[in-house]
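Values in this text are rule-based calculations from the coordinates and carry no lab data. None of the values given here were measured: they were computed from a predicted structure.
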Amino acid sequence: MKRAKRMRGPRNPVARSPVLAKGGAHEAKGKRAKRARQKAQLRRELASE
């Protein structure tokens, strides 16, 4: 099994601050980007509960 698959989760959960997150000019603007952002946010919220 690959190392990336085993890790499952951020290396440093504390580093996931809004300052370090992608956004603005670097934000994905593809066809499914908005839905992907929603799903990622939902996953983060469920993981923190």
Along the range 43-49, what does the Karplus equation 6.51 cos²θ - 1.76 cosθ + 1.60 (θ = phi - 60°) give for ³J(HN,Hα), rounded to whole Hz, x for Gly and Pro? 4, 4, 5, 5, 5, 7, 6
Starting from 0.36 nm per residue, how many nanometres of slack lie between Ala47 and Lys31 once their C-alpha separation is accounted for? 3.1 nm
